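**Q** Starting off with a structure, shown below.
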Amino acid sequence: MKYIKKTSFNAEEKSVATKHEFNGPTLTTPTYAGELALPFVSAALKSGATLANGWIRTIDDVYYKAVINQIEGASLIADASCDFADAGSVTITENVLTTKELAVNIDLCKKTMRQSWLAADTGNSLNSNMPSAFSDYVIGHIAGLVAQQVENDIWTGADATGGEFEGFLTATTGIFVVDGNVNDVTTISPFTKGIIVVEMEKVLDACSSEVLAKPDFALYVSPKTAFLYQQHLGSEGFSNDYQANAKPSNIYGYPIYACPGMPDNQIVATYESNLVFGSNILTNMTEVRTIDMSPIDGSDNVRFIMRYAAGVQVGVGADIYWGKA
């Protein structure tokens, strides 16, 4: 005799048993301070094109100020003799790079980033390199915004504006203006593909032989100005490509750097080591912190905090040629 066990099915109970509540990602409230903050603060400060490509010199262990010495000598070499005879003179001058302390304080709702984080966490081909930890994802997202601001500040930031440090090209207060030794070259504005080469040549013609001979000499322009130069080469039929393929980013062999933070219709000619960016990312004065507010006040917010200091300065102002209208 077969015994058949009967079971009952309760739709209500079944629905309750399989119900899932999604409370969102959990943050472990990590804190990165001093050298431990390096991977995050360094990424934030150095992701902009100017710093990421090494187009200017960087000093990463500036607590507050850094002295940039300029050493010049005249008639240092004399005929040899058995006695010591002081010959010539050495002049040491200096510029001081002063960093400004800056901070990022953001109260961010996790809901606004949850979907993009979930997409990244699935490991699809477009986002397979994104971090799976939600806290790292938040840090990476904010770091990208910080990098964009740092890139802008390097060239046109204003110390008087909250959240910015003084840039090279800032009107009336910028490093180039205050230095007083920077060589001004008058160019026509706005640039067009028809005159861009002529305007670049004006700046190059003004440069001294000593500056042109520097191995790291280059022209600094905005992406739009670099595009106009590409347009010019295309219209001239470079390598018979015309509008096809990328054109060289150099003029007469000198590199042309397209810096996203630079304003249009300006050209800077100098050597890379003469433009200096200083920060404290290699000191113990940096900090990156995420604070999950859910267990504290019941909200769905996370607070992001980043603290760092940054600034720019020039080495020898007289070795800079600034083309502008």
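**Q** Which ranges mark the strands (runs of 3 or more DSSP E) fully within region 247-315 that have 2 or more residues being hydroxyl-bearing (Ser, Thr, Tyr)?
**A** Values: elements: 254-258, 267-271, 275-279, 287-292, 301-314.
Output list reads 254-258, 267-271.
A quick yes/no check of all residues on (1) closer than 18 Å to Gly144 by Cα; (2) over 19 Å from the mean Cα position of the chain (by Cα):
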residue	(1), (2)
Tyr254	no, yes
Tyr257	no, no
Val268	no, no
Tyr271	no, no
Ile296	no, yes
Ala310	yes, no
Gly317	no, yes
Ile320	no, yes
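**Q** What are the residue pairs meeting all of these: first residue in region 236-247, first residue hydroxyl-bearing (Ser, Thr, Tyr), second residue loosely packed, with under 11 Cβ neighbours inside 10 Å and part of a loop (DSSP other than H, G, I, E, B), Cβ atoms under 8 Å, and 6 or more apart or on different chains?
**A** From region 236-247, the pairs are Ser239/Asn245.
**Q** Another question about this same structure. Does Tyr252 satisfy the condition of being open to solvent by 20 Å² or more (accessible area, probe 1.4 Å), farther than 25 Å from Val316 by Cβ and of a type outside the set (Gly, Ala, Ser)? Explain how you work it out, then say what you get.
**A** Details: open to solvent by 20 Å² or more (accessible area, probe 1.4 Å): yes; farther than 25 Å from Val316 by Cβ: no; of a type outside the set (Gly, Ala, Ser): yes.
Considered against the rule, which asks whether it is open to solvent by 20 Å² or more (accessible area, probe 1.4 Å), farther than 25 Å from Val316 by Cβ and of a type outside the set (Gly, Ala, Ser), Tyr252 comes out as no.
**Q** Counting only residues that are hydroxyl-bearing (Ser, Thr, Tyr) and open to solvent by less than 30 Å² (accessible area, probe 1.4 Å), which one in region 192-225 is farthest from the chain's Cα centre (by Cα)?
**A** Residues of region 192-225 hydroxyl-bearing (Ser, Thr, Tyr): 192, 208-209, 220, 222, 225.
Among the residues that remain, those that are also open to solvent by less than 30 Å² (accessible area, probe 1.4 Å) are: 220, 222, 225.
On the way: Tyr220: 14, Ser222: 14, Thr225: 19 Å.
Checking each candidate, the answer is Thr225.
**Q** Of everything in region 218-246, what is under 23 Å from Thr187 (Cβ atoms) and not in a helix (DSSP H, G or I)? Give them in sequence order.
**A** Of everything in region 218-246, those that are under 23 Å from Thr187 (Cβ atoms) and not in a helix (DSSP H, G or I) turn out to be Ala218, Leu219, Tyr220, Val221, Ser222, Glu236.
**Q** Here is a follow-up. Tell me which residues, restricted to region 162-191, are open to solvent by 60 Å² or more (accessible area, probe 1.4 Å) and within 30 Å of Phe304 (Cα to Cα).
**A** Result: Gly162, single match.
**Q** Quick one: which of Asn274, Asn280, Asn240, Asn265 is surrounded by 14 or more Cβ atoms within 10 Å (Cβ to Cβ), on the phi > 0 side of the Ramachandran plot and of a type outside the set (A, V, I, L, M, F, W, C)?
**A** Values: Asn274 fails: on the phi > 0 side of the Ramachandran plot; Asn280 fails: on the phi > 0 side of the Ramachandran plot; Asn240 fails: surrounded by 14 or more Cβ atoms within 10 Å (Cβ to Cβ).
Exactly one residue qualifies, and that residue is Asn265.
**Q** Under 8 Å between Cβ atoms, at least 6 apart or on separate chains: pull out the pairs that start in region 85-102 with a residue that is within 14 Å of Asn69 (Cα to Cα) and of a type outside the set (A, V, I, L, M, F, W, C) and end on any residue that is open to solvent by 70 Å² or more (accessible area, probe 1.4 Å) and modelled with pLDDT under 75.
**A** Thr91/Ile71; Thr91/Glu72; Thr93/Glu72
**Q** While we're looking at this one, here's another question. Could you list all residues from region 269-301 that are closer than 30 Å to Asp205 by Cα and at pLDDT below 80?
**A** Applying the first criterion (closer than 30 Å to Asp205 by Cα) to region 269-301 yields 269-277.
Once the filter is applied, which keeps residues that are closer than 30 Å to Asp205 by Cα and at pLDDT below 80, region 269-301 yields nothing.
**Q** I would also like to ask the following. Please count how many residues of region 226-236 are touching a helix residue (DSSP H, G or I) at 6+ places or on another chain (Cβ under 8 Å), more than 12 Å from Ser249 (Cβ to Cβ) and open to solvent by less than 30 Å² (accessible area, probe 1.4 Å).
**A** Adding up the residues that qualify gives 1.
**Q** For region 112-161: of the residues being among the polar types (S, T, N, Q) and at pLDDT 80 or above, which is surrounded by the fewest Cβ atoms within 10 Å (Cβ to Cβ)? Steps first, please.
**A** From region 112-161, those among the polar types (S, T, N, Q) are 112, 115-116, 122, 124-125, 127-129, 132, 135, 148-149, 152, 156, 161; that's our starting set.
From what's left, at pLDDT 80 or above: 148-149, 152, 156, 161.
Details: Gln148: 15, Gln149: 19, Asn152: 19, Thr156: 19, Thr161: 11.
Here the residue is Thr161.
**Q** I would also like to ask the following. Pairs needed: first member in region 223-234, free of Cβ contacts under 8 Å to residues at least 24 places away in the same chain and farther than 18 Å from Trp155 by Cβ; second member anywhere, polar (S, T, N, Q) and open to solvent by 50 Å² or more (accessible area, probe 1.4 Å); C-beta distance under 6 Å; at least 6 residues apart or different chains.
**A** Qualifying pairs under 6 Å: Gly234/Gln243.
The values are calculated or read from the model by the stated rules, or taken from the named source; none is laboratory data. This one's a predicted model, so the numbers in the text were calculated from it and none came from an experiment. As a convention, Cβ positions derive from the backbone with ideal geometry for all residues, glycine included, and neighbour counts pool all protein chains shown. Just so you know, the surface numbers come from the protein's heavy atoms only, side chains and all, with ligands and any DNA or RNA stripped out. Shrake-Rupley method; radii C 1.70, N 1.55, O 1.52, S 1.80 Å.
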